[in-house]
Number of protein chains: 2
Amino acid sequence: MTETLPHKLRSDAQTNRDRILEAARSLYAEQGLEVTMREVARRAGVGPATLYRRFPARQALLEAVFDDELRTCRGVVEEGCADPDPWHGFTSVIEELSVLNAANKGFVDAFLAERPSETFAEHRSALLVKLDGLARRAQAAGRLRPDFVIDDLVLVLLAGRGLAITSKPARVAAARRLAALAIDALRASGTNAPLPPPPRAVEF
Amino acid sequence: MTETLPHKLRSDAQTNRDRILEAARSLYAEQGLEVTMREVARRAGVGPATLYRRFPARQALLEAVFDDELRTCRGVVEEGCADPDPWHGFTSVIEELSVLNAANKGFVDAFLAERPSETFAEHRSALLVKLDGLARRAQAAGRLRPDFVIDDLVLVLLAGRGLAITSKPARVAAARRLAALAIDALRASGTNAPLPPPPRAVEF
DNA sequence: CTGGAAGCGGACGCAGGCGTCCGTTAGCGT
DNA sequence: ACGCTAACGGACGCCTGCGTCCGCTTCCAG
């Protein structure tokens, strides 16, 4: 890790910063982002003041913590978009994002929040636009049901949040199965029933 | 309403009890069950002490509040089970429970909690057993995919929790669409892909 | 009408999180 | 080696929710 963004930190400060990030990362992943600042500080073995000095606003900590996840997320999407088979790419994205979400309880909360930070909102828009393109190609290939809209993908991702199961392996297994079901639901097939009007869950 | 369970209350006490229940009901429906006791008391226009006297434990309040919903829930399930067409009954149950959940943010949390109260756990078991029977009949009729297990239904219901969208109409619309997708996923069709191993999300 | 008990709710003490201040410690440049 | 200063974290005051106590009010039976 060992970040070096602004003007260089003293070595102990840098160490503490890293420990804070690691603590926050694991706490958010396990418990979602209702974790208190002090809990993060405690787990990191630093005082509250240190935490607040490095990350004066909660949002700053969130962004720093989820920077990696954001990168992973983008990787997944780009890989999916690069797939020569758009349907395969599309389903891969659903699967991998679902599992990522299940493994990081907090991430999807932060990322799909109704009032996200500007940073998250921008990344989200960009990714959704990419995914929209991928989806249209999958539709053109006749594999994705024609009445799919990109909001359905958001819906599926949001739905993953409901799987707030304590044990992490069970949570991941549940996410995997839910993703598989979602993929089956989205596949174009003669038996697709007409859907009720699509919702708009998040802006982009 | 005007309950009359234990030894009769004084008239003003009964009124307050009813107002508390109504306040709690609407607050839980709108905001889920992280609502504070005091907030309930405030909305009901009573002091905290009054609330605590009537419902010494949070759980008591929850059970009283969700008694109606539990009844509705059971009604939905029984109606579905009574349907001569098991697949139609099954899909009705999914639809209606999804909408019920979306309209009552707190209910599914209380009902599908990992550590539910004894009361909820019993009702849940009973309902799930009934639904399991319905599902088997729908499978026997060749309409429900053969690799469906009852836990998949729990999964779908849990997933509905993720749709924590602020506006209630939007939430209901989202729930409806998600339910429709789930039904499409669960329908037996030549294109059903094999599923990953099923999870066990709740005990029953 | 009236006595007494059921009921009420303001107020209390406790606990925990918040964000900040400041006296002390320790890294690092010279 | 040394001193400057960044950095640390314990401790503080504030706030909010919790569950309970107790003096006042109100219902209702006789």
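The values are calculated or read from the model by the stated rules, or taken from the named source; none is laboratory data. Quantities reported herein were computed from a predicted structural model and do not represent experimental measurements. A quick note on method: Cβ atoms are made from the backbone with ideal geometry, for glycine too, and the neighbour counts reach across all protein chains shown. For the accessible areas, the whole protein counts, side chains as well, though only heavy atoms, and no ligand, DNA or RNA atoms are used. Shrake-Rupley method; radii C 1.70, N 1.55, O 1.52, S 1.80 Å.
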- Item | Note, ³J(HN,Hα) from phi for segment A:66-78, Karplus 6.51, -1.76, 1.60, rounded to Hz, x at Gly and Pro | 8, 4, 4, 4, 4, 5, 4, 3, 5, x, 4, 5, 5
- Task: Tell me the distances, shortest first, between B:Gly190 and the same position across the other copies, using label points 7 Å along Cα→Cβ, in nm to one decimal.
- Result: 0.5
- Item | A:Tyr28, B:Tyr52, reordered so the largest accessible area comes first (probe 1.4 Å) | B:Tyr52, A:Tyr28
- Computed over segment A:67-186, the relative contact order (Cα-Cα under 8 Å, seq sep at least six) in percent reads 34
- Message: Using only the heavy atoms of the protein chains and a 1.4 Å probe, how would A:Arg71, B:Arg171 rank by accessible area, largest first?
- Response: A:Arg71, B:Arg171
- With all protein chains present, segment A:60-189 has a carbon and sulfur share of its accessible area (1.4 Å probe) in percent of 54
- Message: Suppose accessible area is computed on protein heavy atoms with a 1.4 Å probe; arrange B:His88, B:His123 from highest to lowest.
- Response: B:His88, B:His123
- For segment A:190-204, list whatever residues lose no less than 40 Å² of accessible surface once every protein chain is in place, relative to that chain by itself, with the probe at 1.4 Å. A:Thr191, A:Leu195, A:Pro196, A:Pro199
- Which value, in Å² and to the nearest 10, is the accessible area of A:Asp68 when all protein chains are kept and the probe is 1.4 Å? 50
- Note on the structure: FRET efficiency for B:Met37 and A:Arg38 from the Cβ-Cβ distance with R0 = 25 Å, rounded to 0.05, comes out at 0.55
- Note on the structure: Mean Cβ-within-10 Å packing, highest first, puts peptides A:126-136, A:8-18, B:144-154 in the order B:144-154, A:126-136, A:8-18
- Message: For chain A, what does the relative contact order come out to in percent, with C-alpha contacts under 8 Å and a separation of six or more?
- Response: 21
- Query: How far is B:Thr15 from itself in the other copies, in nm, if each label sits 7 Å out from Cα along the Cα-Cβ line, shortest first?
  - Reply: 6.8
- Extending each Cα 7 Å along its Cβ direction at B:Ala60 and B:Ala193, get the distance between those two points in nm, one decimal. 5.2
- Please compute how much accessible surface disappears when B pairs with A, both sides summed, using a 1.4 Å probe, and round it to the nearest 100 Å². 3000
- Query: Per residue of B:106-113, how many C-beta atoms from partner chains lie within 10 Å of its own C-beta, taken as a mean?
  - Reply: 1
- Message: If you count only protein heavy atoms with a 1.4 Å probe, what accessible area per residue comes out for segment B:67-186, rounded to a whole Å²?
- Response: 38
- Message: At a threshold of 8 angstrom on Cα-Cα distance, excluding pairs fewer than six apart, so keeping six or more, what relative contact order does segment A:31-121 reach in percent?
- Response: 33
- Message: Restricting to DSSP H runs of at least four residues, report the calculated mean residue ellipticity at 222 nm for chain B, -39500 (n - 2.57) per run over all residues, nearest 500 deg cm²/dmol.
- Response: -22000 deg cm²/dmol
- Query: Averaged over A:166-176, how many beta carbons belonging to a partner chain fall within 10 Å of each residue's beta carbon?
  - Reply: 3
- Query: For segment B:163-204 and segment A:135-173, what is the separation of their C-alpha centers, rounded to whole Å?
  - Reply: 10
- Query: Sorted by packing (mean other beta-carbon atoms within 10 Å per residue), highest first, where do B:38-51, A:94-107 land?
  - Reply: A:94-107, B:38-51
